[in-house]
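Notes follow the structure.
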Amino acid sequence: MCRHLAYLGAPRYLADLVLTPKHGLLRQSYQPRDMRGGATINADGFGVGWYPLSGLRAGRLPVRYRSSRPLWADESFAQIASATEACGVLAAIRSATEGMALVHTACAPFTEGRWLFSHNGVVTGWPRSVAALAATLPITDLITLDAPTDSALLWALARHQLRADVDPARALVQLVTAVADAAPGSRLNLLLTDGATVYATAWGHALVSRSSPDGLVVASESHDDQPDWIPVPNGYLLFGTAAQGAMIRPIEGFDRLRPRTLATSRKETP
Ligand code: GLN
């Protein structure tokens, strides 16, 4: 199981969001609290995308750093993170699904224009189960996937909708239900932001949110023991902004398509 987080709000140092919280992504990379029965660490790379303060004038385009190393082993990122403030962040640590490429381009966030995207989970029966869905994409999208992984294909499918100006919440819901239909039992926690609004699905893995006057955090796991982390129920879509906080609504079709119970082996708990 990978782990991801998004933040929107007042300027924060990347280190304060990703590295220093007691149970933040750094700690989760080697000792996640939610081990799902002793499953795995998240050592197959990481990525962080952020909206730099200086980028506000440049159309809010994010900057992205990805690596195939574990987060704990990247000193260069630690230096950048302690010197970089951002008003929006999407970060992810990866535990590769068995058989999928171990390359930095397989690490979230995936990005185009102002968008940052992450997937925590697995598409069952990959790649055959979603071949028909993949065939709906332009061939140039298929031959330029970031990596030969389920997550990279999910991003290409989401991006195709975003390019067509489909409402982002609608695009994520359609994607989750189409993939769950084609690949039953898939786990599809998605996270998407344009730096102003964050969208997330809870579909097979844990998800929590925390709103404060400073901003909104949406994450796979709470970063500390404070009681203001609110769990997002399985089968729900979350959308929110720094000013409004998080709102949730159920995803239609969840009862029919719900992912199977979380398993315990490394193979089955991406
Ligand atoms: N299946 C995806 C990958 O291999 C995501 C893995 C995960 O959520 N652990 O990159």
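What the table shows:
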{"item": "Added length on full extension, which subtracts the Cα-Cα distance from 0.36 nm per residue, Asp255 to Arg170", "result": "28.8 nm"}
{"item": "Most mobile listed residue (Gly121, Gly204, Gly99) in the chain, GNM with C-alpha springs under 10 Å", "result": "Gly99"}
{"item": "Relative contact order (percent, whole number), the chain, Cα cutoff 8 Å, 6+ residue spacing", "result": "23 percent"}
{"item": "Stokes-Einstein translational diffusion, the stretch 114-223 - Kirkwood Rh over all Cα pairs, 1.306 mPa s, 10 °C, in µm²/s", "result": "109 µm²/s"}
{"item": "For the stretch 22-138: span of alpha carbons on each principal axis (Å, largest first)", "result": "44, 39, 21"}
{"item": "GNM top mover of Gly45, Gly125, Gly88 - the chain, alpha-carbon springs below 10 Å", "result": "Gly125"}
{"item": "Low-density loop cleavage sites - GluC sites (Glu not before Pro) in the stretch 78-173, where at most 13 other Cβ are within 10 Å (DSSP)", "result": "Glu98"}
{"item": "Additional length obtainable on full extension of the chain from Ala134 to Tyr30, 0.36 nm per residue less Cα span", "result": "34.1 nm"}
{"item": "Rotationally averaged projected area of the chain (alpha carbon convex hull; nm²)", "result": "12.9 nm²"}
{"item": "Sites matching trypsin sites (Lys or Arg not before Pro) across the stretch 93-135 that sit in DSSP coil, with at most 13 neighbouring C-beta atoms within 10 Å", "result": "none"}
{"item": "Distance from the stretch 187-258 to the stretch 117-145 (C-alpha centre basis), Å", "result": "24 Å"}
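Coordinate-derived values only; no laboratory data. Just so it is clear, the model here is predicted, and its values are computed rather than measured. All Cβ positions, even for glycine, are placed from backbone atoms using ideal geometry, and neighbour counts span all protein chains on display.
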